[in-house]
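In what follows, a structure is listed as structure tokens, so that the remarks can point back to it.
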Amino acid sequence: MTIWITSLRHAPEVATRIRPARIVSLLSPYDVFPTFEDHPDEHHLCMPVHDILQDRDGATAPTLKDVERIVEFLEPWSGPEPLLIHCWAGVSRSTATAFIAACLHNPDADELTIAQALRSASTSATPNRTIVAHADAVLSRKGRMSAAVAAIGYGEIPDEVATPFMLESRFAPARRPPG
């Protein structure tokens, strides 16, 4: 199982190449969401969320309910076919959602290990911290997801959009102290 992360610009070509089992599109509410030929609508989640950390100027930050919807959509994904996640630039909303998918499907893995794998896969990955904080609560990770994203810091700013990249989706269980 692999997770592919890309920008809106590259999403159609990546989808054609990898033939994903599921697709998550995270765009602003006023954007036009793409359709993917030969892909069932029930396996394509269109999430109208702004890429901001807190509400401002009529724009609403991603909510707990938004993240619950993402987790609900990602839970059934388990087969060998890849997952495709895209946002406008392939930097923030999509990388946060990829991090959620990896944490969701590896409940005993170390969050920092997953975040470091994300950083190794893309120097521009900058997961939206509000999305990650909500996921931390939804997945009962006790602040570890947020701490892991803070530890990898902000990524490099791409010239236009990030280069599509892949994240492995299987991680070894962490050795945690009892209690």
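The figures follow:
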{"read-out": "Net +/- balance of residues flanking residue 22 in space, Cβ distance below 10 Å, scoring K and R +1, D and E -1", "value": "-2"}
{"read-out": "Cα-based Rg and Dmax for the chain, where Dmax is the largest Cα-Cα distance (Å)", "value": "15.1, 49"}
{"read-out": "Under the Debye formula (equal points on every Cα, no solvent term), log10 I(q)/I(0) of segment 76-179 at q = 0.13, 0.21 Å⁻¹", "value": "-0.43, -1.10"}
{"read-out": "Relative contact order computed over the chain (Cα-Cα under 8 Å; 6+ residues apart), in percent", "value": "31"}
{"read-out": "Sequence ranges 100-111, 51-62, ranked by mean other-Cβ count within 10 angstrom, highest first", "value": "100-111, 51-62"}
{"read-out": "Residue order, fewest to most surrounding Cβ atoms within 10 angstrom, among 140, 146, 92, 28", "value": "140, 28, 146, 92"}
{"read-out": "Amide hydrogen neighbours beyond the local backbone of residue 109, cut-off 5 Å, H modeled", "value": "174"}
{"read-out": "Summed residue charge, Cβ within 10 Å of residue 171's Cβ, Lys/Arg positive, Asp/Glu negative", "value": "-3"}
{"read-out": "Amide H partners (placed H, <5 Å) of residue 44, local residues excluded", "value": "23"}
{"read-out": "Approximate shape of segment 3-46 as ellipsoid semi-axes (Cα gyration tensor, √5λ), whole Å, largest first", "value": "16, 12, 9"}
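Every read-out reported here was derived from the displayed coordinates using simple, explicitly stated rules and does not represent laboratory data. Keep in mind that what you see is a predicted model, and the values were worked out from it rather than measured. Cβ coordinates were reconstructed from backbone atoms using ideal geometry, including for glycine residues, and neighbour counts include every protein chain displayed.
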